[in-house]
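Below you'll find the structure, written out as C-alpha cells, and then a few comments.
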C-alpha cells in the first residue's frame with residue numbers, strides 16, 4: 001500500500017497520520033506513523049515545496065481543529081500539538097505553482113483570508129480523507145467476504161476433558177455465508193426457554209431473538225427416540241454421551257447446561273448444520289438431530305466402538321493388539337481422503353484441530 005498505515009479511528013491523530021503517509025515526498029511523512037515530526041526538516045524542505053506547504057497548513061488547521069493529537073518534535077525533543085503545525089511555515093515563501101492553462105498560483109496568504117495555495121491544500125486534504133474512508137470500507141467488506149467463503153473447523157484451546165474422560169470433546173468455530181433463502185423458519189429462543197431466569201432471557205433477547213433452524217428440520221428426529229446412557233467426555237463447551245437411537249448404539253453431543261448462552265447455542269447450531277452436510281465414508285456419520293428447544297439440542301452420530309487412534313497406537317506398542325504398518329498407512333490414507341472431502345466442500349472446511357485423540 002505504499003507506506004499507508006492502518007490506524008485505529010479512535011486515535012486522535014489517525015487523520016493526520018493517514019493523510020501525510022500518502023505523501024512520501026514530504027519529509028513530514030517519514031516518522032508521522034510514530035507521531036514524530038522533524039520541524040527543522042519541515043521548515044527547510046516542506047515549507048519550500050509548493051505541494052507540501054499548503055497541504056501541511058490546511059490539514060493541520062482544519063482537519064485537526066479541536067483535536068487532542070500530540071506529536072514529538074525530534075529536532076528539539078519537545079512535544080507539540082498537531083494544530084501547531086499550521087504555523088510552522090509562517091513567513092516561508094513557497095515557489096509559485098504553475099498550472100498549464102491556468103497560470104501561476106502562489107501560496108501566500110492575504111489579510112482577508114486564505115490564499116489560493118491553502119485552498120488547494122484544503123481540497124487535497126479533503127480528497128485524501130474521502131479516499132481513506134472508501135479504502136477502509138472496501139477492506140472491511142473484503143474481509144467479511146473472505147470470512148464467508150471459508151469455514152474454520154477447530155477445537156478451542158482450554159476445552160480439555162475431565163479427569164474421568166479419555167476423549168477431548170471437540171468444539172467448532174464456524175463462519176457460514178449468509179443464507180440467500182427467503183423467510184427461513186425460525187424459533188424464538190425465549191419462547192422455548194420458559195425456565196430460564198430473567199437475566200438469561202434478556203441476554204438472549206439482546207444478542208439474538210431468533211435462531212434459524214429451518215435447515216435442520218429435514219434431519220430432525222423425535223427427542224424421545226434418543227436415549228442418553230453414559231457420559232464419556234466433557235469439555236468447557238459441551239459433553240459427549242454414549243446412547244441409543246433406533247436400537248443402535250450412538251454417540252450424542254450436547255451443550256453443557258451452564259453453557260446454554262446465545263453465543264454457545266448459535267455455535268452449536270452452526271456445528272450441527274455443518275456436520276449434517278458431510279457425507280463421507282472417512283468422516284463419522286451424521287444420523288440426526290433432536291431438540292425441544294435450541295439449548296437442549298442433541299447431535300447424534302455413529303458410535304466408533306474401536307476407540308480413538310491414540311489408544312490403538314499405544315496398545316500396539318505393548319503388543320496388546322496388532323496394528324501393522326500397512327494398516328497404519330491405510331489409516332493415514334483414509335484420514336487424507338477425509339480432509340480432501342472437507343476441503344472440497346462449498347464453502348471450504350478447514351480442520352484446525354486434527355489429532356489422534
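The values are calculated or read from the model by the stated rules, or taken from the named source; none is laboratory data. This structure is a prediction, so every number in the text was calculated from the model and none was measured. Methodologically, a virtual Cβ is constructed for each residue, glycine included, from the backbone with ideal geometry; neighbour enumeration extends over all protein chains shown.
The table that follows gives values for the structure above.
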item: Single condition residue 245 does not satisfy, out of (1) touching a residue at least 12 places away in the same chain (Cβ under 8 Å); (2) within 32 Å of the chain's Cα centre (by Cα); result: (2)
item: Residues (in a strand (DSSP E or B) and farther than 14 Å from residue 301 by Cα) located in the range 233-245; result: 233, 234, 238
item: Any chance residue 215 is in a helix (DSSP H, G or I) and surrounded by fewer than 19 Cβ atoms within 10 Å (Cβ to Cβ); result: yes
item: Candidates 28, 56 - the one that is crowded, with 21+ Cβ neighbours inside 10 Å, assigned to a helix (DSSP H, G or I), modelled with pLDDT of 80 or more and touching a helix residue (DSSP H, G or I) at 6+ places or on another chain (Cβ under 9 Å); result: 28
item: Listing of helices (runs of 4 or more DSSP H) fully contained in the range 256-357 that carry 1 or more residues being within 30 Å of the chain's Cα centre (by Cα) and surrounded by 15 or more Cβ atoms within 10 Å (Cβ to Cβ); result: 262-277, 325-343
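Yes/no per residue for (1) within 30 Å of residue 225 (Cα to Cα); (2) at pLDDT below 90; (3) not assigned by TED's automatic domain parsing to the domain that holds residue 223:
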| position | (1), (2), (3) |
| --- | --- |
| 263 | yes, yes, no |
| 282 | yes, no, no |
| 301 | yes, no, no |
| 321 | no, yes, no |
| 324 | no, yes, no |
| 340 | no, no, no |
